[in-house]
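Visitor: Have a look at the structure that comes next, please.
The values are calculated or read from the model by the stated rules, or taken from the named source; none is laboratory data. Predicted, not measured: the structure shown is a model, and the values here were computed from it. No Cβ is skipped: glycine too gets one built from the backbone with ideal geometry, and neighbour counts run over all protein chains shown. Surface areas here come from the heavy atoms of the whole protein model, side chains and all, with no ligands, DNA or RNA. Shrake-Rupley method; radii C 1.70, N 1.55, O 1.52, S 1.80 Å.
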Amino acid sequence: MTFRALVGKILYLKNIYHYIYYTIYKRHETVSVFSISELLQLCNNESKIIMESTETECYSPNTLDKKYNPIKCELPAVYSLKINDCKIIGGSNIILINGAAYYNHIVDYNVNYTDYALHDYKKEYNLGKNRLYKTSIPEIFVQKAISLCINYNDNYYHYIFECISKFQVLTKCKIAKEYAILIDSSARDIRQFADIIQIFNIDNRRIIYVEKLQRVKVNELYVFTPLNYIPANIRNTQIIKCSDTRFNFTNIKYIRDKILDIIETKDSDIQAKKIYISRKNCKRRIYNDEEIDSKLILIGFKSIKPETLSLREQVALFSNADVIVAASGAALTNIIFCKPKCKIFVLANQYLDLSIFSSIAGYLNLDMKYILADNTSSKELHSDFHINVQSLMENLNY
């Protein structure tokens with residue numbers, strides 16, 4: 001490429017950048033963003049500790065040749081907050097109070113403010129507006145409600161551990177049944193999500209589904225601070241620590257027991273002792289899926305695509321499996337249903353001290369090991385990769 005062509009390309013990209021900034025970001029409303037600790041101070045008179053701060057354990061991912069010991073760390077207390085005259089936004093952790101945005105999630109040195117409704121432009125925080133979408137989503141008003149809306153609400157992992165997890169808090173709070181539940185529309189539109197809501201909404205509260213970026217004005221609102229702290233939008237994956245992700249294990253047990261008590265799995269017609277979770281339908285983090293799939297089928301593995309299965313079928317498969325092979329992804333949320341000593345081989349593009357699955361496996365006494373790609377030069381969390389199939393087969397045979 002000539003120097004003139006390079007300059008021309010840079011100017012072209014710069015023009016696109018400015019167009020995006022002035023046509024999208026400047027159409028948003030700029031707000032000051034306050035953290036969860038500042039939200040607690042604001043609601044000091046209307047806040048209650050539901051679960052005291054407690055000690056938990058974090059487990060680094062084990063590899064085939066190295067096993068790590070768990071480390072102890074502290075989980076913050078869980079609060080129930082009552083807020084008057086505020087707004088929530090669909091697909092968001094943001095709560096709008098008197099023109100300010102409060103971020104009901106953890107933020108630390110290695111995690112950006114990240115939210116479907118929140119855009120960070122050079123530390124200028126902008127809230128998205130409905131007009132960015134083809135259809136206008138009107139703001140609605142609700143007199144009394146409990147908000148379970150979260151960011152990443154259409155991701156199975158975040159839905160379970162950041163949204164459904166809060167039903168445990170709700171069971172401990174004496175909140176009148178006239179308070180409806182505000183929850184993201186993914187809980188209505190995704191079949192498995194809808195099934196889960198039916199299991200946990202034991203009070204049969206009215207459910208109000210909130211579309212992405214839709215604003216809901218609430219006269220009296222209850223919100224709960226997180227039980228599990230899961231980092232999102234990590235700035236530098238290379239310095240992440242296993243303690244950046246922290247689980248409340250009583251909450252993991254609550255979710256597991258609640259679902260297993262309702263769903264019968266022993267007589268399921270979709271059982272298999274060895275399962276491979278295929279990602280053929282996934283367009284992100286591509287790897288040699290078909291090659292691995294064909295080899296594993298030859299040694300008795302059942303290949304499954306969890307997104308095509310009902311909640312009952314997914315629970316049955318994971319709860320009865322002895323060996324599971326899967327690339328790192330949301331489908332591994334189902335390990336909460338596995339029996340102790342189940343062997344789980346996680347395929348990953350690189351080693352990261354990211355304990356989003358390994359801590360759950362450690363708590364449930366699952367034998368989880370990570371198998372790393374043979375091309376680990378990329379530092380991107382979701383980069384494509386290639387697994388050495390021969391090495392994988394040797395370890396499975398062993």
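Visitor: Could you look through segment 48-67, keep only residues that are more than 14 Å from residue 249 (Cβ to Cβ) and among the acidic types (Asp, Glu), and pick out the one that is surrounded by the most Cβ atoms within 10 Å (Cβ to Cβ)?
Guide: Among residues in segment 48-67 that are more than 14 Å from residue 249 (Cβ to Cβ) and among the acidic types (Asp, Glu), the one surrounded by the most Cβ atoms within 10 Å (Cβ to Cβ) is 52.
Visitor: When you go through 276, 287 one by one, which is the residue that is open to solvent by less than 50 Å² (accessible area, probe 1.4 Å), outside any helix (DSSP H, G or I), modelled with pLDDT under 90 and within 23 Å of residue 384 (Cβ to Cβ)?
Guide: Checking each option against the conditions leaves just 287.
Visitor: Are there any strands (runs of 3 or more DSSP E) wholly within segment 83-132 with 2 or more residues that are in contact with an Asp or Glu (Cβ under 9 Å, 6 or more places away or on another chain), open to solvent by less than 50 Å² (accessible area, probe 1.4 Å) and at pLDDT 75 or above, and if so which?
Guide: 94-97, 100-103
Visitor: Something else about it: Restricting attention to segment 207-236, and to residues there that are of a type in the set (D, E, K, R) and assigned to a strand (DSSP E or B), which single residue is surrounded by the fewest Cβ atoms within 10 Å (Cβ to Cβ)?
Guide: 217
Visitor: Among (1) touching a Phe, Trp or Tyr at 6+ places or on another chain (Cβ under 7 Å); (2) free of Cβ contacts under 8 Å to residues at least 60 places away in the same chain; (3) polar (S, T, N, Q), there is one condition residue 320 misses while meeting the rest; what is its number?
Guide: Single failed check for residue 320: (1).
Visitor: Here is a further query. Please pick out the residue among 303, 310 that is free of Cβ contacts under 8 Å to residues at least 40 places away in the same chain, over 23 Å from residue 65 (Cα atoms), surrounded by fewer than 22 Cβ atoms within 10 Å (Cβ to Cβ) and of a type in the set (Ser, Thr, Tyr).
Guide: After applying the criteria, what remains is 303.
For (1) within 20 Å of residue 236 (Cβ to Cβ); (2) modelled with pLDDT under 90; (3) in a loop (DSSP other than H, G, I, E, B), each residue gets a yes or a no:
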position	(1), (2), (3)
355	yes, no, yes
359	no, no, no
362	no, no, no
368	no, no, no
371	no, no, no
376	yes, yes, yes
379	yes, yes, yes
382	yes, yes, yes
385	yes, yes, yes
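Visitor: Take residue 326 and tell me if it is open to solvent by less than 50 Å² (accessible area, probe 1.4 Å) and either modelled with pLDDT of 95 or more or within 22 Å of the chain's Cα centre (by Cα) (or both). Reasoning before the result, please.
Guide: Working: open to solvent by less than 50 Å² (accessible area, probe 1.4 Å): yes; either modelled with pLDDT of 95 or more or within 22 Å of the chain's Cα centre (by Cα) (or both): yes.
So residue 326 fits the description; yes.
Visitor: Restricting to segment 168-185, what's the tally of residues that are in contact (Cβ under 8 Å) with a residue 40 or more places away in the chain and either open to solvent by less than 10 Å² (accessible area, probe 1.4 Å) or of a type outside the set (Lys, Arg) (or both)?
Guide: 9
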